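Following: one structure in structure tokens, then a few remarks.
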Amino acid sequence: MKEEDIEKLRGVVRDCVSKHLYASAIFFADKVAAFTADPADIYIQAQALYLGRHYRRAFHLLNASQIVLRDLRFRYLAAKCLEELKEWDQCLLMLGDAKVDEHGNITDTRDCNIMYLDKDGEDREINILSAICFLRGKAYEALENRAQARLWYKAAIKADPLCYEALECLIENHMLTCEEETSLLSSLHFGSEEGWLSSFYTCLINKYDKENVVEAKFRELEQEDSDTNSSEKSFLGTLRNNTDLLACKAEYYRHCGEYQKCFQLTSVLLEKDPFHLKCTLVHLAAAMELGHSNELYLMACNLVKDYPQKALSWFAVGCYYYCIKKFDQSRRYFSKATSLDGTFAPAWIGYGNAYAAQEEGDQAMSAYRTAARLFPGCHLPTLYIGMEYMRTHSFKLAEQVFMQAKAICPSDPLVYNELGVVAYNMKQYRKAVWWFEKTLALIPSSLSEMWEPTLVNFAHALRKLKRYNEAIAYYEKALALSTSLSTYAGLAYTCHLQNNFTAAIAYYHKALWLKPDDQFCTEMLTLALEDESHHGINQKTDFQRREVLI
């Protein structure tokens with residue numbers, strides 16, 4: 001057969017692949033390989049077999065060729081076939097020997113042919129070494145060797161920053177602490193035209209960073225920069241409504257406690273792209289916090305119908321039952337989600353929370369410990385373990401665990417709030433004030449209702465230190481966010497301690513309006529009325545000598 005006829009057949013193979021006619025592609029690729037015996041044509045035939053899901057046959061074809069151990073493309077495709085066959089040990093054997101250090105730097109590549117490592121195509125190919133490192137990571141993760149998987153994912157993204165899948169696995173599976181994520185990002189080498197990608201990756205990992213830092217990165221991606229050329233300006237402008245960027249921003253709002261803003265953004269995004277699963281997870285979390293049970297029900301129904309084999313679908317069902325306080329059912333569906341995907345962190349945390357909601361501490365702790373072991377970069381399981389210790393008044397243990405959570409994620413204000421609560425319960429009021437000040441320093445400038453308890457706790461600690469005016473100021477800030485019995489009672493008691501009986505009586509009444517049978521406020525209101533009637537006779541009252549814990 002003439003060379004031009006063979007080239008036409010190659011074109012037919014490429015066209016069949018582009019039209020997803022894999023049986024036809026396999027047929028014609030087989031004939032081209034038979035005519036030429038060229039390794040490049042054998043590789044195309046193996047690719048057609050792989051795409052047609054004939055993994056065993058594709059592997060046999062590649063393995064039978066003499067070039068498979070010399071050409072990284074052949075070796076990688078053979079390993080991909082073994083991945084699909086779930087033969088993970090053989091997959092690692094096919095990829096060859098290599099070593100990686102704790103920072104994700106490859107220290108030994110004896111079994112790799114160096115002439116293919118930096119092969120660049122006209123359209124910027126992803127480094128084959130990066131793809132091989134990523135596949136090694138997947139194999140180790142499937143073999144439940146998550147420590148090695150983490151190192152190889154780091155090696156993959158360091159070998160080529162365009163290997164987004166490796167970064168996604170590290171983030172989604174919570175394999176790195178906040179500090180490790182930042183360090184990894186700073187070690188990546190982006191091309192001159194890839195500045196937008198660096199900013200995008202920064203937005204993905206810096207969800208707990210300072211508000212002005214994260215917002216600046218979002219603006220950098222959404223707005224046109226006067227310093228960039230016109231073509232890059234046009235490109236950046238198109239990212240303004242990009243679904244991935246909007247989903248990232250929504251997740252940032254969720255971490256900040258801005259649940260209403262998060263829910264509004266995810267609602268708009270899901271109208272545009274109803275099958276964006278990352279956004280769906282954030283939407284479910286926001287709906288849970290806001291108590292939108294109807295939205296959770298509709299989302300769960302649609303997900304179970306469209307994705308019955310995905311952990312996310314059954315997690316959504318568990319969220320619905322948790323929201324309506326049917327915790328037994330929620331546990332059942334969270335458990336089903338973990339059985340479908342053991343690396344789905346939200347389901348493990350939800351499973352523990354469902355037990356904790358019914359004060360079944362042992363089972364809750366077991367779920368949290370499993371999550372902490374599986375996801376060393378996620379501080380939430382450790383945080384919830386500390387909360388369980390607090391519930392049983394094991395304050396020393398709780399403090400130790402909260403410090404571990406702080407080491408994993410030193411920028412989450414919720415961790416500092418819990419440390420403040422522990423210090424308060426241990427009667428270390430100066431320490432409590434210090435932790436609450438740290439909490440407020442990390443909270444975004446616009447306080448939401450979520451942080452009302454923090455302000456109340458801070459005011460309680462200030463009152464214990466007899467800093468009454470400061471305490472009153474923080475009680476009033478808390479009231480601006482939400483009205484609660486604890487705030488009114490604390491404010492009334494502080495006014496009472498200052499001998500401001502009129503204000504104290506007014507606030508005791510407001511507290512009792514919220515809960516008429518509250519024993520503390522009822523007793524203290526009686527005392528305040530008596531003190532007001534005797535005001536001027538005996539300035540120092542008995543209640544001032546017996547400070548109580550509220």
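The values are calculated or read from the model by the stated rules, or taken from the named source; none is laboratory data. Since this is a predicted model, take the numbers as computed values, not measurements. FYI the Cβ positions are ideal-geometry reconstructions off the backbone, even for glycines, and counts take in every protein chain you see. These accessible areas exclude ligands, DNA and RNA; they are computed on the full protein's heavy atoms, side chains included. Shrake-Rupley method; radii C 1.70, N 1.55, O 1.52, S 1.80 Å.
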Per the rule of 0.36 nm per residue minus the C-alpha distance, extending Glu84 to Ser446 adds in nm 125.4 nm
Calculated from backbone phi, Karplus (6.51, -1.76, 1.60) coupling profile of the range 90-102 in Hz, x at Gly/Pro:
5, 4, 5, 5, 5, 5, x, 7, 6, 10, 9, 8, 5
Computed about the Cα centre, the charge dipole of the chain from +1 Lys/Arg and -1 Asp/Glu charges at the Cβ has a magnitude in debye, to the nearest 20, of 1320 debye
Quick check: the angle from helix 327-340's long axis to the longest principal axis of the chain, C-alpha only, nearest 10 degrees?
20 degrees
If amide hydrogens are placed 1.01 Å from N in the peptide plane, which non-local residues have theirs closer than 5 Å to the one on Val100?
Thr107
When ligands, DNA and RNA are left out and all protein chains stay put, how many square angstrom of accessible area per residue does the chain have with a 1.4 Å probe?
49 Å²
Could you tell me the calculated FRET efficiency between Thr483 and Glu194, based on Cβ-Cβ distance and R0 = 60 angstrom, to the nearest 0.05?
0.75
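Residue separation times 0.36 nm, minus the C-alpha to C-alpha distance between Gln66 and Thr243: what's the value? Walk me through the intermediate numbers first.
Working: separation 177, 0.36 × 177 = 63.72 nm, distance 4.57 nm.
Computed gain between Gln66 and Thr243 is 59.2 nm.
Hey, any idea what % of the chain's accessible area is carbon plus sulfur with a 1.4 Å probe? Could the numbers behind the result be given before it?
Numbers: 13860 of 27130 Å².
Result for the chain: 51 percent of the exposed heavy-atom area is carbon or sulfur.
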Once both axes come from the Cα atoms, what is the angle between helix 345-357 and the longest principal axis of the chain, in degrees from 0 to 90, rounded to 10?
30 degrees
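Calculate how large, on average over all directions, the projected area of the Cα convex hull of the chain is; give the answer in nm² to one decimal. Provide the component values of the computation, followed by the final result.
Details: hull surface 124.1 nm².
Averaged projected area of the chain's Cα convex hull equals 31.0 nm².
Using 0.36 nm per residue of separation minus the Cα-Cα distance, give me the extension gain between Asn469 and Asn105 in nm, one decimal. Kindly include the intermediate steps, with their values, before the conclusion.
Working: separation 364, 0.36 × 364 = 131.04 nm, distance 5.62 nm.
This chain segment gains 125.4 nm when fully extended.
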Return the distance in nm (one decimal) between the two label points of a simple spin-label model at Ala147 and Gln329, each offset 7 Å from Cα along Cα→Cβ.
4.3 nm
Relative to the chain, whose Cα atoms define the longest principal axis, helix 39-51 and its Cα axis are tilted in degrees, nearest 10, by 50 degrees
What value, in deg cm²/dmol to 500, does the helix sum -39500 (n - 2.57) over DSSP H runs of n ≥ 4 give at 222 nm once divided by the residues of the chain?
-22500 deg cm²/dmol
Scalar couplings 3J(HN,Hα) for the range 163-177 by Karplus 6.51 cos²θ - 1.76 cosθ + 1.60 (θ = phi - 60°), nearest whole Hz, x for Gly and Pro, are 7, 4, 4, 5, 5, 4, 5, 5, 6, 5, 8, 6, 8, 10, 6
How high is the relative contact order of the range 278-343, in percent, counting Cα pairs under 8 Å that sit 6 or more residues apart?
29 percent
Zone of Arg373 (label point 7 Å along Cα→Cβ, backbone N under 14 Å): which residues in the range 321-358?
343
